[in-house]
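A quick write-up on the structure given underneath.
The values are calculated or read from the model by the stated rules, or taken from the named source; none is laboratory data. Because the structure is predicted, anything quoted here is derived from the model rather than measured. We place every Cβ from the backbone using ideal geometry, glycine too, and count neighbours over all the protein chains shown.
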Amino acid sequence: MKRALERADAATLERDMAQEQQRGATSSAIALRGSTELVTEFFGYAVNTILYQRGAYPAEEFERKKKYGLGVMVTNEPKLKEYLVAVLERVNAWLMEKDLKKLVLVLADAKTGETLERWTFDVETDAEIVDENGGDANGTTTTTTTTTTTREKPEKEIMQEIQAIIRQITASVTFLPLLDRECAFELLAYTDAASATPEECEESDPKYVRDGVEMRLRSFSTKIHTVDAGVSYKTEDD
């Protein structure tokens with residue numbers, strides 16, 4: 001299994017980061033839709049990074065792209081890409097509706113189904129934020145007495161926080177046990193109790209790691225959405 005990202009050209013990455021920082025330096029107002037796009041995009045890159053770093057798919061089924069001032073690995077396998085696009089579209093809708101509470105990536109033994117790693121991304125949404133039309137994305141008008149359509153945070157700061165999480169995921173191979181068996185993955189979404197389950201989704205158990213070790217990772221905030229990351233895993237002695 002490939003243990004870490006190959007080093008990309010330092011000058012290229014620094015230039016890419018500088019361009020992203022320049023774009024975000026003068027941009028501080030963010031709305032629900034803009035925040036949703038940033039969080040959804042982050043989930044896509046985070047999932048791809050985990051699948052690559054943990055060897056869930058062959059290394060040759062990934063290609064390097066520049067994002068967040070880093071070289072990140074993104075799948076080029078057609079079926080996996082199609083699946084992730086469909087999942088992220090649903091995640092985007094849940095975020096706009098303020099229904100998403102947590103996204104979980106489970107890595108399990110492909111033969112036994114035993115959960116080996118459980119990557120969690122807890123999502124907290126500003127209850128006072130509404131979309132540009134004065135309601136939620138599903139068209140429901142809010143009755144909250146104190147509401148706003150935007151929050152203030154420079155995009156540069158958001159990108160730096162996201163970059164730190166991606167770096168941490170990439171570095172996870174230094175402390176996580178080697179996955180020396182074929183693994184399968186699942187994505188679990190925790191949503192508001194009142195949210196209907198889409199036809200393409202099905203109910204699932206939490207798939208916790210039995211007697212696992214838990215490690216909290218970094219977080220990032222758009223001031224509308226706050227995402228706290230973490231991973232629990234089985235140790236080699238389990």
Study note, to complete from the structure: Apart from one, (1) more than 20 Å from ARG218 (Cβ to Cβ); (2) crowded, with 18+ Cβ neighbours inside 10 Å; (3) at pLDDT below 95 all hold for LEU116; the odd one out is (3)
Review point. Which of the residues belonging to the stretch 49-74 are closer than 29 Å to THR191 by Cα, in contact (Cβ under 8 Å) with a residue 24 or more places away in the chain and over 15 Å from the mean Cα position of the chain (by Cα)?
Key: ARG54, GLY55, ALA56
**Study point:** Qualifying positions in the stretch 208-225 - in a loop (DSSP other than H, G, I, E, B) and modelled with pLDDT of 95 or more
**Key:** TYR208, VAL209, THR222, LYS223, ILE224
Practice item. Report whether or not ALA137 is of a type in the set (Gly, Ala, Ser), surrounded by 13 or more Cβ atoms within 10 Å (Cβ to Cβ) and at pLDDT 95 or above. Key: no
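Name the helices (runs of 4 or more DSSP H) wholly within the stretch 1-103 that hold at least 2 residues that are touching a strand residue (DSSP E or B) at 6+ places or on another chain (Cβ under 9 Å), more than 27 Å from LEU179 (Cβ to Cβ) and modelled with pLDDT of 95 or more?
On the way: elements: 10-25, 32-53, 78-96.
Here the list reads 32-53, 78-96.
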Review point. Among the numbered criteria (1) surrounded by 14 or more Cβ atoms within 10 Å (Cβ to Cβ); (2) more than 18 Å from the chain's Cα centre (by Cα), which single criterion is violated by LEU95?
Key: (2)
Point to revise | Residue ID - farthest from ASP228 (Cα to Cα), chosen from residues in the stretch 106-121 that are out of contact with any Leu (no Cβ under 7 Å at 6 or more places or on another chain) and not in a loop (DSSP other than H, G, I, E, B) | key: THR115
Check your understanding: Among ALA184, ALA171, ALA229, ALA164, which is the only one that is in contact with a strand residue (DSSP E or B) (Cβ under 6 Å, 6 or more places away or on another chain), in a helix (DSSP H, G or I) and either of a type in the set (A, V, I, L, M, F, W, C) or modelled with pLDDT under 95 (or both)?
Key -> ALA164
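Within the stretch 146-161, track down each residue that is assigned to a loop (DSSP other than H, G, I, E, B) and surrounded by fewer than 18 Cβ atoms within 10 Å (Cβ to Cβ). Steps first, answer last, please.
Residues of the stretch 146-161 assigned to a loop (DSSP other than H, G, I, E, B): 146-147, 149, 153-154.
Passing the criteria: THR146, THR147, THR149, PRO154.
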